[in-house]
1. If you plug each phi of the range 160-168 into the Karplus form 6.51 cos²θ - 1.76 cosθ + 1.60 with θ = phi - 60°, what whole-Hz ³J(HN,Hα) values come out, in order, with x for Gly and Pro?
2. Out of the range 78-137, which trypsin sites (Lys or Arg not before Pro) are coil in DSSP terms and have no more than 16 other C-beta atoms within 10 Å?
3. With θ taken as phi - 60° and the coefficients 6.51, -1.76 and 1.60, list the Karplus ³J(HN,Hα) couplings across the range 26-34 in order, rounded to whole Hz; mark glycine and proline as x.
4. Which order, highest average first, do 50-61, 128-139 follow once you tally other Cβ atoms within 10 Å for each residue and take the mean per peptide?
5. Give a residue-ordered list of calculated ³J(HN,Hα) values for the range 140-148 (Karplus: 6.51 cos²θ - 1.76 cosθ + 1.60, θ = phi - 60°; whole Hz; x for Gly, Pro).
Amino acid sequence: MMSTDRAPASTTPGPGLLTRIFPHPALSIQLALSWLVLSHSLALVHLLSAALMGWLLPHLLRGFLADASALHWPTVFRLTGVVLWDIVLSNITVARITLGSLKGIQPAWVPVSLQSDHPRVNTLLASIITMTPGTVSAVLYAQRREILVHALNCDDPAALARDIQLRYEAPLLRIFGSECAPSSTT
């Protein structure tokens, strides 16, 4: 005799076929195009290699990558623009400092309080700080929720800390949304 007990059908649709094949389509495209640019060829072997990398690497890195559909994309683009602009301005500032007189520079260690203990947000924040010439993230104190930043020239450490929080950390928190909501300190 057959049992008539069946599991209820799921009412929420699962991921589509394209999403299952390419869990991070933007990353897949970037990887494939990067491979083709680096190989300087559109030969069949390079096209196949690009497609394989675009498919395989996101699957291998799935545990490390955020769900791309959950990201706040307008903020991603705004933050990218802000970071690129800051890198250009910082390059000019550092060039002026290094090519000019070194008498007036004021290097400083600046502690920056973190709003989140989310590893992706804090890692990306540290990377952004380090990519911007004139600053480098030296230590991330996860338990204290603080990052120690060295600035080549800083006359107001509190203002630098506020700028980092407003220009970089706040957008990162919006980008990752509820995934990285600030945790309560108990």
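1. Going residue by residue, I get 4, 4, 5, 4, 4, 5, 6, 7, 10 Hz, with x marking Gly and Pro.
2. K103
3. Once θ is set to phi - 60°, the couplings for the range 26-34 become 5, 5, 4, 5, 4, 5, 5, 5, 4 Hz.
4. Details: 50-61: 15.3, 128-139: 18.2.
In descending order of packing, they fall as 128-139, 50-61.
5. Result, ordered by residue: 10, 9, 5, 5, 8, 6, 8, 10, 9 Hz.
Coordinate-derived values only; no laboratory data. In this text, all values refer to a predicted model and were calculated from it rather than measured experimentally. Using ideal geometry, Cβ is built from the backbone for each residue, glycine included, and neighbour counts are taken over all protein chains shown.
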